[in-house]
Amino acid sequence: MTQAVNDRPGSGVLPRIGRWLAGPIPVSVVLALVVGAVFMLVAGVDPISGYRAMVSGSFGTGMGLANTLGRAIPIIGIGIGIALAFRAGIINLGTEGQAVLGALAGGFVAVYMPGPGPLVALCAMVTGVLAGAAWGLLAALLQNSLGVPILLATLLLNYPARYFSSWVIRFQLKDPSTDLVASKQIDPGVQLTALVPAGPAAEAVRRTFGPMSPVTMILTQVNWSLVIVAVLVIGAIFVNRRTRYGFEAGLAGQNPEFTRYGGVKPGPLVLRTMALSGGIAGLIGVLIVIGAPNTRMIEGHIVQTNYAWTALLVTLLALYRPLGVAIAGLFFGAIIVGSEAMGRDLGLSPQIAAVIQALVIILLAYRVALPRFRRKRQDAAPEDPPGPEPQSPAAPAAVAARTASAPTAETTETGGER
């Protein structure tokens, strides 16, 4: 019996891989790269040379790979927070503000709290989590208490968070000894150092693997945020698959009415989800501030990096799956770093990265929506008028097969929508 199941057409590994490659995500990425090549041609750049420079700049060298990981880490972290909310059917567009306030609160602790460096760093991260969670909870309370849609609440709350943080850093925390609009320097003992910090251990790594090898660059240039974000990804997978909250959140995202009938109250679920999502965003904000090579709280730094909105695109591309968020975040980080390398080598604007990212999401949305649109058109199409029509030799069999299978297909589709 098992052998018969395994021998069924389409049940092997290769057919499943083929179906995935023909699915919306790979096709959308390929089409976006094709359209990006057209933009390069318009700009007078050979697309093959452009994409070769992009791949070489992001993965072809040890420094490029380290830079790609450095860009991907905050994108993946914030993306995990967004994915947890979206999976529960809660559209959290406020991760930028949650990360900004987390960075401000945690950075304040990192700069001014006395004590041993590791303890201060831990307190800064906890403070950032609490600040981000509180800002997320505010949006949840506005929806539960006043009926303000959480999409609007989270989106609009980005602005007071952004401007309050700018005011505090510019007028209250600015260090007069620097021309930057930034706080005092963070004590090196508080910073998250590279995986292998400078010193004898780093020299040993360089002698063993070579000074510019990918292993050396990753270990000596990427800080411990990489490990923290990896733990977040694993934790999100565990929460989604092994906890009651993960089950309820996933069910609420798919069928909120059925969730209510099952006894799950939507109000508390929204509160828990927004606290978790905002807390993760706040944590990533702190990691950006105290993670080497950053040494200060700089006005507008998190907003200018655009990490939160890139993470939103990553989440949509990954369809809210934590492992998919990690892969898509690495892909988008490579596009950003590679486009910068392409700009240096070929003189092409790095904004091509934003074009490709936007095209991926637009094409993905089109590919996902197209089958539904076709199905609706088929459901709304009038029945064929009676009367004779020209038929090929195979037409009678085809008409009979369609007539026999139509009720079954309709019943199956209607049952699936319920």
Q.
I'd like to check something: does the stretch 76-90 contain any residue that is of a type in the set (D, E, K, R), crowded, with 22+ Cβ neighbours inside 10 Å and either over 14 Å from the mean Cα position of the chain (by Cα) or closer than 21 Å to Asn294 by Cα (or both)?
A. no
Q. On the given criteria, is Ala353 touching an Asp or Glu at 6+ places or on another chain (Cβ under 9 Å) and farther than 16 Å from Arg87 by Cβ?
A. yes
Q: Please specify each residue of the stretch 345-368 satisfying the condition of being in contact with a Leu (Cβ under 9 Å, 6 or more places away or on another chain), surrounded by fewer than 17 Cβ atoms within 10 Å (Cβ to Cβ) and at pLDDT 80 or above.
A: Ala358
Q | Residues satisfying the stated conditions in the stretch 26-45, i.e. in a loop (DSSP other than H, G, I, E, B) and surrounded by 13 or more Cβ atoms within 10 Å (Cβ to Cβ) | A | Ala43, Val45
Q: Go through the stretch 165-192 and count every residue that is surrounded by 19 or more Cβ atoms within 10 Å (Cβ to Cβ) and assigned to a loop (DSSP other than H, G, I, E, B).
A: 5
Q | Among (1) part of a helix (DSSP H, G or I); (2) of a type outside the set (Gly, Ala, Ser); (3) in contact (Cβ under 8 Å) with a residue 60 or more places away in the chain - the single one Ile327 does not satisfy | A | (3)
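Listed here are the residues, each with its yes/no results for (1) of a type outside the set (Ser, Thr, Tyr); (2) modelled with pLDDT under 95; (3) over 25 Å from Ile336 (Cα atoms); (4) touching a strand residue (DSSP E or B) at 6+ places or on another chain (Cβ under 8 Å).
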residue	(1), (2), (3), (4)
Ala43	yes, yes, no, no
Ile48	yes, yes, no, no
Gly60	yes, yes, no, no
Glu96	yes, no, no, no
Leu104	yes, no, yes, no
Ala131	yes, no, yes, no
Q.
Here is a check on your reading of the model: is Gly117 of a type outside the set (Val, Ile, Thr), in contact (Cβ under 8 Å) with a residue 40 or more places away in the chain and under 25 Å from Pro160 (Cβ atoms)?
A. no
Q: Tell me which residues, restricted to the stretch 277-302, are within 22 Å of Ile150 (Cα to Cα) and either of a type outside the set (A, V, I, L, M, F, W, C) or surrounded by fewer than 24 Cβ atoms within 10 Å (Cβ to Cβ) (or both).
A: Ser277, Gly278, Gly279, Gly282, Gly285
Q: Would you be able to say whether some residue in the stretch 93-106 is assigned to a helix (DSSP H, G or I) and surrounded by fewer than 19 Cβ atoms within 10 Å (Cβ to Cβ)?
A: no
(Q) Can you list residue pairs whose Cβ atoms sit under 8 Å apart, with the first residue in the stretch 172-199 being farther than 18 Å from Leu122 by Cα and the second being assigned to a strand (DSSP E or B) and among the small types (Gly, Ala, Ser)? Count only pairs 6 or more apart in sequence or on different chains. (A) Lys174/Ala182; Asp175/Ala182
(Q) Against the definition (closer than 24 Å to Gly107 by Cα, at pLDDT below 95 and touching a helix residue (DSSP H, G or I) at 6+ places or on another chain (Cβ under 9 Å)), how does Val181 come out, yes or no? (A) yes
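The values are calculated or read from the model by the stated rules, or taken from the named source; none is laboratory data. Small disclaimer: the values here were computed from a predicted structure and weren't measured. When we count neighbours, we look across all protein chains shown, and the Cβ atoms used for this are built from the backbone with ideal geometry, even at glycine.
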